[in-house]
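Q: Take this structure, written in structure tokens, and hold onto it; I'll ask about it next.
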Amino acid sequence: MTVREIIVEGLNGPQKHIVIERDDGSFVSFPANPENLNYVNIMQLVEAGELTIAPAEGG
Amino acid sequence: MAFITADRVKDTSTTTGTGNITVSGSAPFGYRTFSTVLSASDTFYYCVQGQGTSEWEVGLGTYVSSNQFARTTVLSSSASGSAVSFSSGTKNVFITLAATKTLQLDSTGNPVFTGVLAIANGGTNSTATPTAGTVPYGTGTAIAYSAAGTAGQVLTSGGTGAPTWSTVTGLGTVTSVNVSGGTTGLTYSGGPVTASGTITMAGTLAVANGGTGLTSTPANGALDIGNGTGFTRTTLTAGSNITITNTAGGISIASTGGGTPGGSTTQIQYNNSGAFAGSSNLTFDGTNLTSGGTVVMASSFKRNILINGNYLINQRVYVSGTATASGTYMHDRWKSTTTNSNYTFTQGTPDTTITIAAGTIAQIVEDKNVAGGVYTLSWTGTATARIAINGGTTSGAYAASPITTSSATAGQTITVEFSTGTLGKVQLEPGTIATPYEQQIYSDQLAQCQRYYYRQTATSGKYLRYGVGIISATSNLGQALVSFPVSMRLPSSYALEYSTVAMYDGTTISSATLVLDVDTVSLNSASLIATTSGMVPYRSALLIANNSLSSYLGISSEL
């Protein structure tokens, strides 16, 4: 499983997302905003040192 | 007729022989005639004495008629006690005291008496001699005397026979008397008594000794009612439709309502303006409850606030026995709460029993579904559970089914968490009673799950169309709109799950990576930004499965 941060271009400008690529080749992605529970959970794992997020290129 | 004795009564007679005596009727000077003191049939003691002879006679006479009496019984005479045959000549005749009929005192003053004195005259009608130590007793006709006892004996009745003397056994001497109340609750004062005195009792007799332990004065109608340790002295409390009237020494209980069931047999009784009534529209025959009208359900009719409690919906296609990271969802609405949690199961229809082999799984009840109050969690199987209310996290010991919560605050999430064991038909419902599992229609249960997670899978078509879209100004960027079958929980919580997808612009199919366009999400749809390649700018396009039956696209809005 790899976790990375990406920035995509939306109609109103760039958006930051977290993308998790599972070992089976499937993906999970969600907006990287504090209102998103998935994002909050990921950040807790990062703070606990249990997860590392690859930063977005140029992000 | 009377027995007469009188002083100075004397006359003379010339009567001869042994017959009646006739007197002259003329008394000597200083005497009275017989007729002045006697009447016919009177008796008296007489004496006849010849004036120039030795003839004399004393006896009991009966006055026959004036101046004549019969010599009824001769007591003594000059004829050796027989009636004297008087010779001629004048005789002195007078009333006398017969020697044998006169009670006299001897020289020492004691009465000279022969025979027995009758009971009626104050005698004993007996000649018995009271020897020393005897006691007199009645025989029914006379006074007799008992035998003499010995010292220390007491008299014992012989009934109608003679009393006897008996020896009393067990003799002893009491020198001191006292009384103790022990644990009875009673107290005594005034003791010990060593000679004479009074011991006074006080206190209250305890329940253990047959008392009440109470000292209060009973009010009218008061009863002593057991309270587990003793008695409470109280009056009865009237329940509904009952009146109680307490009087001195009595309690009257009357019914003010109720009465005879209304309607006919099998009809359910209801309160019809204070009286029982029945209706053919609601009957119970001991087996079936039948309503002929409309049954109006309360809002709590849909009791189970857990979703997918029978593990019927499995949109994520969780595979039996797969170790799962904490926070990862398995069957819909159920997520692992421990690293490497897993359970095994064989999918059933409609109900599935899972076996939690390791770790724990949980479901969070959305705050909108918590009306507040006490809830009861029940399930089948050997798994144990614990509950957190008011938005808290689970902690503490696990317990077997059923579990009742303390009062939960409305609008706060509830989390139920299960540990290892078999598990099925999980239900969390208002109240303290665990009712049978509430079965859902499949489509309803799927829709309930889809509020939190919605997945399309390409199982039936390897180029499944997930949504329609358009290519942007550049060939490597597109957008696709995905609509949801039911309104999802919270757009800001959405996460996107997918595998093996592509964009298709009518000419080219090119694999794509997807993210949600945060500026387009709603309860019912979301637009996805697809990063791809080789597309024709500004051309309409489709988001599709990329030639794979394993392809899927899911939106999560779990708690």
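The values are calculated or read from the model by the stated rules, or taken from the named source; none is laboratory data. Note that the structure is a prediction, hence the values are computed from the model and not measured. Cβ atoms come from the backbone with ideal geometry, glycine included; neighbour counts cover every protein chain shown. To get the accessible areas, we keep the full protein, side chains included, count just its heavy atoms, and leave off ligands, DNA and RNA. Shrake-Rupley method; radii C 1.70, N 1.55, O 1.52, S 1.80 Å.
Q: Looking at the stretch B:217-241 only, could you name the residues that are in contact with a Ser or Thr (Cβ under 6 Å, 6 or more places away or on another chain) and open to solvent by 50 Å² or more (accessible area, probe 1.4 Å)?
A: Correct list: B:Asn220, B:Asp224, B:Ile225, B:Phe231, B:Arg233, B:Asn241.
Q: As an exercise: evaluate B:Tyr329 against (1) within 22 Å of B:Gln448 (Cα to Cα); (2) open to solvent by less than 10 Å² (accessible area, probe 1.4 Å) and give the number of the one condition it does not meet.
A: Exception for B:Tyr329: condition (2).
Q: I need the full set of residues from the stretch B:510-555 which are within 12 Å of chain A (Cβ to nearest Cβ), over 19 Å from B:Lys462 (Cα atoms), open to solvent by less than 20 Å² (accessible area, probe 1.4 Å) and not in a strand (DSSP E or B), in order please.
A: Answer for the stretch B:510-555, where residues must be within 12 Å of chain A (Cβ to nearest Cβ), over 19 Å from B:Lys462 (Cα atoms), open to solvent by less than 20 Å² (accessible area, probe 1.4 Å) and not in a strand (DSSP E or B): just B:Asp517.
Q: While we're looking at this one, here's another question. Which of the residues belonging to the stretch B:111-155 are over 23 Å from B:Leu60 (Cβ atoms) and either touching a residue at least 60 places away in the same chain (Cβ under 8 Å) or of a type in the set (S, T, N, Q) (or both)?
A: B:Thr124, B:Asn125, B:Ser126, B:Thr127, B:Thr129, B:Thr131, B:Thr134, B:Thr139, B:Thr141, B:Ser146, B:Thr150, B:Gln153
Q: In the stretch B:476-503, what residues are closer than 13 Å to B:Arg451 by Cα, of a type in the set (A, V, I, L, M) and open to solvent by 10 Å² or more (accessible area, probe 1.4 Å)?
A: B:Val486, B:Leu490 - these are the residues of the stretch B:476-503 that are closer than 13 Å to B:Arg451 by Cα, of a type in the set (A, V, I, L, M) and open to solvent by 10 Å² or more (accessible area, probe 1.4 Å).
Q: Taking interchain pairs and intrachain pairs at least six residues apart, which have beta carbon atoms under 6 angstrom, with the first residue in the stretch B:166-185 and at positive phi and the second hydroxyl-bearing (Ser, Thr, Tyr)?
A: B:Gly185/B:Thr204
Q: Shifting gears a bit: From the list B:Gly25, B:Gly50, B:Gly59, which residue is out of contact with any strand residue (DSSP E or B) (no Cβ under 6 Å at 6 or more places or on another chain) and over 30 Å from B:Ile143 (Cβ atoms)?
A: Every option except B:Gly25 fails the conditions.
Q: Do we find that B:Val482 is at pLDDT 95 or above and part of a strand (DSSP E or B) in this structure? Full working, then the answer.
A: Numbers: at pLDDT 95 or above: yes; part of a strand (DSSP E or B): yes.
Judged against the criteria, B:Val482 is a match.
Q: Taking the condition surrounded by 14 or more Cβ atoms within 10 Å (Cβ to Cβ), at pLDDT below 95 and of a type outside the set (Phe, Trp, Tyr), does B:Pro430 pass?
A: When the stated conditions are applied, B:Pro430 passes them.
Q: If you go through the stretch B:141-186 one residue at a time, how many are open to solvent by 80 Å² or more (accessible area, probe 1.4 Å) and closer than 30 Å to B:Gly115 by Cβ?
A: Of the residues in that region, 2 qualify.
Q: Considering only residues of the stretch A:11-37 that are under 19 Å from B:Arg316 (Cβ atoms) and open to solvent by 50 Å² or more (accessible area, probe 1.4 Å), which is nearest to the other protein chains (Cβ to nearest Cβ)?
A: For the stretch A:11-37, the residue satisfying everything is A:Leu37.
One line per residue, one yes/no per condition, for (1) aliphatic (A, V, I, L, M); (2) outside any strand (DSSP E or B); (3) within 30 Å of A:Ser26 (Cβ to Cβ):
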residue	(1), (2), (3)
B:Thr212	no, yes, no
B:Thr229	no, yes, no
B:Thr232	no, no, no
B:Ala238	yes, yes, no
B:Ala254	yes, no, no
B:Gly259	no, yes, no
B:Thr287	no, yes, no
B:Thr290	no, no, no
B:Asn304	no, yes, no
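Q: Let me ask something else about it. Would it be correct to say that B:Thr474 is closer than 30 Å to B:Ile509 by Cβ, part of a loop (DSSP other than H, G, I, E, B) and not charged (D, E, K, R)?
A: yes
Q: Out of B:Thr114, B:Thr134, I need the residue that is among the hydroxyl-bearing types (Ser, Thr, Tyr), at pLDDT below 90 and either more than 30 Å from B:Gly159 (Cβ to Cβ) or surrounded by 10 or more Cβ atoms within 10 Å (Cβ to Cβ) (or both). Which one?
A: Values: B:Thr134 fails: at pLDDT below 90.
That would be B:Thr114, the only listed residue that is among the hydroxyl-bearing types (Ser, Thr, Tyr), at pLDDT below 90 and either more than 30 Å from B:Gly159 (Cβ to Cβ) or surrounded by 10 or more Cβ atoms within 10 Å (Cβ to Cβ) (or both).
Q: Also, quick follow-up: Kindly check whether there is at least one residue in the stretch B:488-504 that is touching a Pro at 6+ places or on another chain (Cβ under 9 Å), assigned to a loop (DSSP other than H, G, I, E, B) and facing chain A (nearest Cβ under 10 Å).
A: yes
Q: Against the definition (closer than 30 Å to B:Asn271 by Cβ, at pLDDT 90 or above and polar (S, T, N, Q)), how does B:Asn246 come out, yes or no?
A: yes
Q: What tally of residues in the stretch B:261-285 results from selecting those that are in a strand (DSSP E or B), of a type in the set (Ser, Thr, Tyr) and open to solvent by less than 90 Å² (accessible area, probe 1.4 Å)?
A: Result for the stretch B:261-285: 2.
Yes/no per residue for (1) touching a residue at least 60 places away in the same chain (Cβ under 8 Å); (2) surrounded by fewer than 17 Cβ atoms within 10 Å (Cβ to Cβ); (3) more than 30 Å from B:Ala128 (Cβ to Cβ):
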{"residue": "B:Gly19", "(1), (2), (3)": "no, yes, yes"}
{"residue": "B:Pro28", "(1), (2), (3)": "no, yes, yes"}
{"residue": "B:Tyr31", "(1), (2), (3)": "yes, yes, yes"}
{"residue": "B:Val93", "(1), (2), (3)": "yes, no, yes"}
{"residue": "B:Gln104", "(1), (2), (3)": "no, yes, no"}
{"residue": "B:Gly109", "(1), (2), (3)": "no, yes, no"}
